């Protein structure tokens, strides 16, 4: 199986520029600098490279949204990786920082952007340090800075650490935070491609998306596309956590069967337990029952069964786990992370938490399930950014697919698993 | 001009119109909290959601501009459920302290609950989040965080209008709270507007706090007398007591704002009022009624003119008087007394503070009007000298101030005049030194027009009858003039204004009607 990203991740020295170059690094950049901007974008379009941050928007098409004017452009790299269950960009940044830097340089050249910012999650201190060291190396070797490799193209790359907000993974609040403002999502339109960071046309791409770019330039878009499934080119880094024998990050072709991911690649459910549920693409994606996981792990196939591959974070839940408690943990998170800008999300996420906690703690009321579902209707699609959806989708799917468990909690006024849910942020 | 269909109504609106404003044009109310016509669009309260045909989601009417052929529904089942749903969420942590909240009766939450809510609460009282109440955050404002719906209007006002940025939102999610930075209270001259932009009871006026339930108040359209800007205001009163003023929107003058000084000007209408026409001789006061006092003043004026000549009487006009009053004062001096001694001053004690937003250095509402009506301020100092030199035997003074003189200077100066008649609304050095006190009505008790610094002529209306036995200045001037044989038969301020329009070029063609609620520019405004 051909790997795009992780081939050398086992090599401790791969993060240094010397080893990276010995193993073929920065060749793609040289090649790209000899290409036209349109040719690079075409190659990325042919690659069917879908955004790896969660929404899965085709990267080449996104790049085409920049207005045809003379305003300076900004390339922002979303390294916030805040979606619970997701930990794959972190691996790229710590094991192959130059893959990302090379991808950024190629993309910036294609977009004619001379300013670039990696907005990295505040908690990723180690990764930020590794990136900064790697950026210094790249500057020293002339892969960043003025007149890159004699091409006349200039690019500055800065690492900006976030301050600890999930919502800053949403591109417009990320931009606000980058500008030093409160991390609140912006109203759209205007979209960042027109008015983004510092008022300039801006493209925001995920770490993994850009790390794929050097391989695409070296090997061609069609080759990349052929690695994956239809409309989903290449491989994906999939972070599997929870009750499996071998949790971790796996690089697998787009469209790999989800059941195979869990049972073949990760060695199945730990200690031979039965599978109860899978959250397939980060905490906000609708939960799946065991009978639903025989599905290709790509954007269209997952959408067909009403869920999503999202940010590639697979959370595996074994039998004997209280689904109400899991939802409580998730709601605790969203109630804490809502930025507070829009009324439905600000108040609704907290209300979700209140109701789910009381159900888990044996104080659920008849009608609570319908109240939760009605709240979902009143919140989802009613806010500036998708955080209300992110909170609502698990609620809806848990209540739909595990309704009996919620009903049992309310009926018996206790948790059958004996769990007690402690809310972390009362 | 895009053509749209809103709730089945076909409309044509200018390019760039938002759905919310298009609806307003069609007379359709779309509920909103964070939207304010004079502030940037936040789009965060989510109350203005409407259904747009072919759009997958409900759209915010405040931030969506209409496009040609757009079909909009503001009252579909889906919209109604969404709006009620947002309102429910807005209210779950609300403290429901309407009985002790100053905003009650003019509260956005109460109003929309009655129109769009009327739902039964599904939220447990015990689960409500409590936040800090009654915080004095400086300026004229109290903050109650529990009542706040986080619409961010106040934050935007302070960042966009005053550009002082004292308020911010801190914390996240349902713990979000507006507040000042520690130790840095509100520090600008426009804090009172925060109580106006706040759609709920979170930001209330310290001055108005617990004074009166708003439903007991009546309002009249008035003009602020605090400076030459002439901010348009609504005066709120109960019986004959003023309780507060609020800015009235006038894009040509004050947008939707007014300053903190102007906001407290109303107190003069309540405090230290002159109530009874009084004659004072040898330290004893007599209150023989209006007819006798006016007769006495007219007699003194005529007697002085007859015995000592026209140069022995003087009239000091006031830039606090209306155009109508100033016009008749001028005619009284010119036609009845035939005296050259008519002047006014716009000087005030201390330095006139000004800024580039609304506040003008000239603290009088009608200096421009006086000048346009031909009354000079150039002769004021010469007139004071004549008074000091004891050349003036009878002096008629209008207004409550005599330029920048302090109380002692006023008393000393006026002691040089055998007979001083003062027309004014409030007690002070002038009324104390007067031999005849003619109490006049405040701006809230009479009708008239002021001309602001830029030459905009604006009308103010009477809210209530003059306190005590005070009278509109116009009646006093007409009374004196007619005693002197003028034979004026003006019926009201509007008829006097008709006289102004007929003879004074800058006011040609104007009537009280044409001035309307937002005024007209005097024709010579540009070069006067």
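The values are calculated or read from the model by the stated rules, or taken from the named source; none is laboratory data. Source: prediction; values computed, not measured. When we count neighbours, we look across all protein chains shown, and the Cβ atoms used for this are built from the backbone with ideal geometry, even at glycine.
Out of the stretch B:66-90, which residues are touching a residue at least 24 places away in the same chain (Cβ under 8 Å), at the interface with chain A (Cβ under 9 Å from one of its Cβ atoms) and buried (at least 20 other Cβ atoms within 10 Å of the Cβ)?
Correct list: B:82, B:86, B:87, B:88, B:90.
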Check: Does residue A:133 satisfy the condition of being part of a loop (DSSP other than H, G, I, E, B) and within 27 Å of the chain's Cα centre (by Cα)?
Finding: no
Checklist line | Criterion: at pLDDT 95 or above and within 22 Å of residue A:251 (Cα to Cα) - qualifying residue of A:32, A:39, A:28, A:105 | finding: A:28
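For (1) farther than 28 Å from residue B:457 by Cα; (2) touching a helix residue (DSSP H, G or I) at 6+ places or on another chain (Cβ under 9 Å), each residue gets a yes or a no:
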position: B:296; (1), (2): yes, no
position: B:304; (1), (2): yes, yes
position: B:314; (1), (2): no, yes
position: B:318; (1), (2): no, yes
position: B:342; (1), (2): no, yes
position: B:348; (1), (2): no, no
position: B:351; (1), (2): no, no
position: B:364; (1), (2): no, yes
Notebook entry, point to check: In the list B:448, B:468, B:463, B:485, which residue meets the criterion of being in the same structural domain as residue B:301 (by TED's automatic domain parsing) and farther than 23 Å from residue B:241 by Cα?
Noted result: B:485
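Within the stretch A:311-318, does at least one residue satisfy the condition of being farther than 17 Å from residue A:241 by Cα, more than 11 Å from chain B (Cβ to nearest Cβ) and outside any loop (DSSP other than H, G, I, E, B)?
Looking only at the stretch A:311-318, we keep the residues that are farther than 17 Å from residue A:241 by Cα, and these are none.
The answer is no; no qualifying residue exists.
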Checklist line | Filter result for the condition that a residue is out of contact with any helix residue (DSSP H, G or I) (no Cβ under 9 Å at 6 or more places or on another chain) and crowded, with 20+ Cβ neighbours inside 10 Å, over B:245, B:214, B:253 | finding: B:253
Margin query: Looking at the stretch B:70-107 only, could you name the residues that are in contact with a strand residue (DSSP E or B) (Cβ under 7 Å, 6 or more places away or on another chain) and either at pLDDT below 95 or farther than 22 Å from residue B:23 by Cα (or both)?
Written below: B:102, B:103
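May I ask you to verify whether residue A:40 is surrounded by 22 or more Cβ atoms within 10 Å (Cβ to Cβ), assigned to a helix (DSSP H, G or I) and in contact (Cβ under 8 Å) with a residue 40 or more places away in the chain? Full working, then the answer.
Values: surrounded by 22 or more Cβ atoms within 10 Å (Cβ to Cβ): yes; assigned to a helix (DSSP H, G or I): yes; in contact (Cβ under 8 Å) with a residue 40 or more places away in the chain: yes.
Judged against the criteria, residue A:40 is a match.
Considering each residue of the stretch B:27-48, count those that are within 8 Å of chain A (Cβ to nearest Cβ) and under 17 Å from residue A:346 (Cα atoms), and give that number. Can you show your working first?
Let us first name the residues in the stretch B:27-48 that are within 8 Å of chain A (Cβ to nearest Cβ), namely B:41-47.
Keeping just the survivors that are under 17 Å from residue A:346 (Cα atoms) gives B:42-47.
The total comes to 6.
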Check: Looking at (1) free of Cβ contacts under 8 Å to residues at least 24 places away in the same chain; (2) facing chain B (nearest Cβ under 8 Å), can you tell me which one residue A:292 breaks?
Finding: (2)
Check: Within the stretch B:122-146, how many residues are exposed (fewer than 12 other Cβ atoms within 10 Å of the Cβ) and assigned to a loop (DSSP other than H, G, I, E, B)?
Finding: 3
Item checked: Residue ID - nearest to the other protein chains (Cβ to nearest Cβ), chosen from residues in the stretch B:113-140 that are out of contact with any helix residue (DSSP H, G or I) (no Cβ under 6 Å at 6 or more places or on another chain) and within 22 Å of residue B:215 (Cα to Cα) -> B:113
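Which residues, taken from the stretch B:1-48, are part of a strand (DSSP E or B) and over 25 Å from residue B:196 (Cβ atoms)?
Our first condition is that a residue be part of a strand (DSSP E or B); within the stretch B:1-48, this holds for B:3-6, B:9-12, B:18.
Correct list: B:3, B:4, B:5, B:6, B:9, B:10, B:11, B:12.
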Item checked: Residue tally, condition surrounded by fewer than 23 Cβ atoms within 10 Å (Cβ to Cβ) and assigned to a helix (DSSP H, G or I), over the stretch B:352-382 -> 4
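Would you confirm whether any residue within the stretch B:163-174 is farther than 25 Å from residue B:355 by Cα and within 29 Å of the chain's Cα centre (by Cα)?
No, because not a single residue in the stretch B:163-174 is farther than 25 Å from residue B:355 by Cα and within 29 Å of the chain's Cα centre (by Cα).
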Margin query: Can you tell me which residue is surrounded by the most Cβ atoms within 10 Å (Cβ to Cβ) among those in the stretch A:329-375 that are away from chain B (no Cβ under 12 Å), more than 22 Å from the chain's Cα centre (by Cα) and assigned to a helix (DSSP H, G or I)?
Written below: A:356
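Would you check if residue B:165 is under 18 Å from residue A:181 (Cβ atoms), surrounded by fewer than 24 Cβ atoms within 10 Å (Cβ to Cβ) and either more than 14 Å from chain A (Cβ to nearest Cβ) or in contact with a helix residue (DSSP H, G or I) (Cβ under 6 Å, 6 or more places away or on another chain) (or both)? Walk me through how you get there before you give the answer.
Values: under 18 Å from residue A:181 (Cβ atoms): yes; surrounded by fewer than 24 Cβ atoms within 10 Å (Cβ to Cβ): yes; either more than 14 Å from chain A (Cβ to nearest Cβ) or in contact with a helix residue (DSSP H, G or I) (Cβ under 6 Å, 6 or more places away or on another chain) (or both): yes.
So residue B:165 passes the test.
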Checklist line | Where residue A:388 falls short, out of the listed (1) at the interface with chain B (Cβ under 8 Å from one of its Cβ atoms); (2) crowded, with 23+ Cβ neighbours inside 10 Å | finding: (1)
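Quick check, is residue A:25 farther than 18 Å from residue A:227 by Cα and out of contact with any helix residue (DSSP H, G or I) (no Cβ under 6 Å at 6 or more places or on another chain)?
Values: farther than 18 Å from residue A:227 by Cα: yes; out of contact with any helix residue (DSSP H, G or I) (no Cβ under 6 Å at 6 or more places or on another chain): no.
No, not satisfied.
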Check: Given the conditions (1) within 14 Å of another protein chain (Cβ to nearest Cβ); (2) surrounded by fewer than 23 Cβ atoms within 10 Å (Cβ to Cβ), which single one is not true for residue A:323?
Finding: (1)
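A quick yes/no check of all residues on (1) surrounded by fewer than 21 Cβ atoms within 10 Å (Cβ to Cβ); (2) outside any loop (DSSP other than H, G, I, E, B):
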position	(1), (2)
A:61	yes, yes
A:69	yes, no
A:74	no, yes
A:77	no, yes
A:83	no, no
A:87	yes, no
A:92	no, yes
A:98	no, yes
A:104	no, yes
